[in-house]
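Here is the structure we will look at.
What follows draws every value from the coordinates through simple rules; no lab data is involved. These numbers were taken from a predicted model, which means no experiment stands behind them. Every residue, glycine as well, gets a Cβ built from its backbone with ideal geometry; the counts of neighbours run over all protein chains shown.
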Amino acid sequence: MLNRVDENIEKFIKDLDDDRVIELYKNISSGKKLRAKLILKIADNQTEKAIILASIVEMIHAASLLHDDVIDDANTRRGQKSINALFGDKTAIMFGDILYSKAFYELCNFSTVISQSISGAVSKLSVGELLDVELSKQFNSNVEKYFDMIYKKTASLIEAAAYSAAFLAGYDSDKFALYGKNLGLAFQIIDDILDITSDDKTLGKPSMNDYKEGKTTLPYIYLYEKLDSGEKQRLLSLFGQELNEKDKEWIKQKMETSGALKECFTLVNKLGNEALQSIQEYKNSDLEKIIKDMIQREY
Ligand code: FPP
Ligand code: MG
């Protein structure tokens with residue numbers, strides 16, 4: 001079914017009737033499609049509409065990553081050169097605008113409840129990205145600020161996708177929204193953990209990159225809380241810096257021995273369980289699997 005989403009996105013791109021846009025789209029590699037999977041699994045009684053909604057949400061997600069790679073000055077995405085690395089920032093920004101304006105055009109065919117839910121989430125995404133940029137200016141030890149940022153930057157679109165799919169299917173959309181929100185929060189924390197525990201090849205982008213980019217992700221916030229004062233100073237001195245192998249090893253080892261990573265995993269499992277609890281009456285084993293796979297993923 002996911003291939004039908006890919007086909008539908010290609011059709012939307014062709015509708016734009018511009019060879020350059022078609023060429024550019026060929027340079028975007030396919031991702032995990034978590035949001036599309038979620039929509040298809042929730043609204044499985046509304047397949048045709050679900051495929052279109054999934055295509056719209058994946059196009060918005062792809063657009064947000066095009067802009068994010070410009071903002072983060074990232075050269076790789078999903079194991080390939082990013083659009084900004086290949087064609088420059090201006091092209092990447094405009095291509096992002098093309099993808100998300102087409103997505104909004106198609107979203108107009110849905111009910112007000114759905115179109116407001118998805119478009120409202122895109123405002124949150126943008127505010128979340130702004131917060132991310134602001135927070136990256138100095139070391140952040142505030143867990144609440146981190147959660148507010150990841151809710152907006154990542155979880156809001158997953159929440160809106162689950163809400164809208166449930167609305168389409170005729171289910172209690174608020175319950176599915178809570179599932180999506182907790183799934184999204186857990187997803188971002190796993191992303192932040194993998195940056196530390198995984199390698200470049202598996203991730204399809206450089207590992208140990210967040211802290212260098214000025215991102216004090218949850219593992220770093222927890223680690224800071226657990227270090228002695230000398231170690232705290234060392235961690236602070238590395239913030240936003242190009243890390244050498246010795247520093248990387250020190251951080252990785254401290255993340256393990258201090259229990260910072262373990263604390264993150266405990267929280268991820270708690271969020272996963274809360275997500276499942278909110279929709280338990282629907283007994284949807286596919287949605288349980290999405291949570292399990294997301295927690296156990298390697299990239
Ligand atoms: C990746 O974060 C970024 C996001 C999940 C959202 C980015 C949102 C915007 C740029 C605003 C919305 C814009 C449009 C056009 C809809 P990350 O940098 O932590 O993850 P990464 O390591 O995968 O880059
Ligand atoms: Mg980024």
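A few remarks follow.
- The chain: Rg to Rh, with Rh as the Kirkwood radius over Cα pairs: 0.97
- At least 30 Å along the helix axis (C-alpha) and Kyte average at least 0.5, DSSP helices within the chain: 47-71, 112-135
- Cβ-to-Cβ counts within 10 Å put Ser119, Ser278 in ascending order as Ser119, Ser278, the fewest first.
- Label-to-label distance, nm, for residues given as Ser30 and Lys145 (7 Å Cα→Cβ offset): 4.1
- Look at where the Cα atoms of the stretch 227-299 and of the stretch 85-111 average out, and the two centres are 32 Å apart.
- The trypsin sites (Lys or Arg not before Pro) of the stretch 100-197 that DSSP puts in a loop, and whose beta carbon has at most 12 other beta carbons within 10 Å, are Lys137.
- Order of Phe95, Phe176 under a 10 Å beta carbon neighbour criterion, fewest first: Phe95, Phe176
- The dipole here belongs to the chain: it is taken about the Cα centre, uses +1 on the Cβ of Lys and Arg and -1 on the Cβ of Asp and Glu, and is about 360 debye.
- Interchain or long-range residues, amide H under 5 Å from Arg77's placed H: Ser82
- Normalised contact order of the stretch 171-240, rounded percent, pairs of Cα under 8 Å and 6 or more residues apart: 25
- Each principal axis of the Cα cloud of the stretch 21-103 was evaluated for its coordinate range; sorted largest first, these ranges are 42, 23, 21 Å.
- Compactness of the stretch 122-274 was expressed as the Cα radius of gyration divided by 2.2 N^0.38 Å, which yields 1.11.
- One chain, two ends: Leu130 and Tyr299. Fully extended at 0.36 nm per residue, the span grows by 58.4 nm beyond their Cα-Cα distance.
- Multiplying the residue separation of Leu227 and Glu288 by 0.36 nm and removing their Cα-Cα distance gives an extension gain of 18.4 nm.
- Of the residues Leu227, Leu40, Leu194, the one that moves most in a GNM of the chain with alpha-carbon contacts below 10 Å is Leu227.
- Within straight-line cross-link reach of Lys26, lysines at Cα separation under 21 Å, skipping those fewer than 8 residues along the same chain: Lys11, Lys14, Lys81, Lys90, Lys102, Lys205
- Full-extension gain in nm, Arg234 to Asp89, via 0.36 nm per residue minus C-alpha separation: 48.7 nm
- R0 of 30 Å, Cβ-Cβ distance Glu281-Leu243: FRET efficiency to nearest 0.05: 0.05
- Mean separation of Cα contacts under 8 Å, 6 or more apart, over the residue count of the stretch 114-252: relative contact order %: 24
- Under the criterion of Cα pairs below 8 Å and six or more residues apart, the relative contact order for the chain equals 17 percent.
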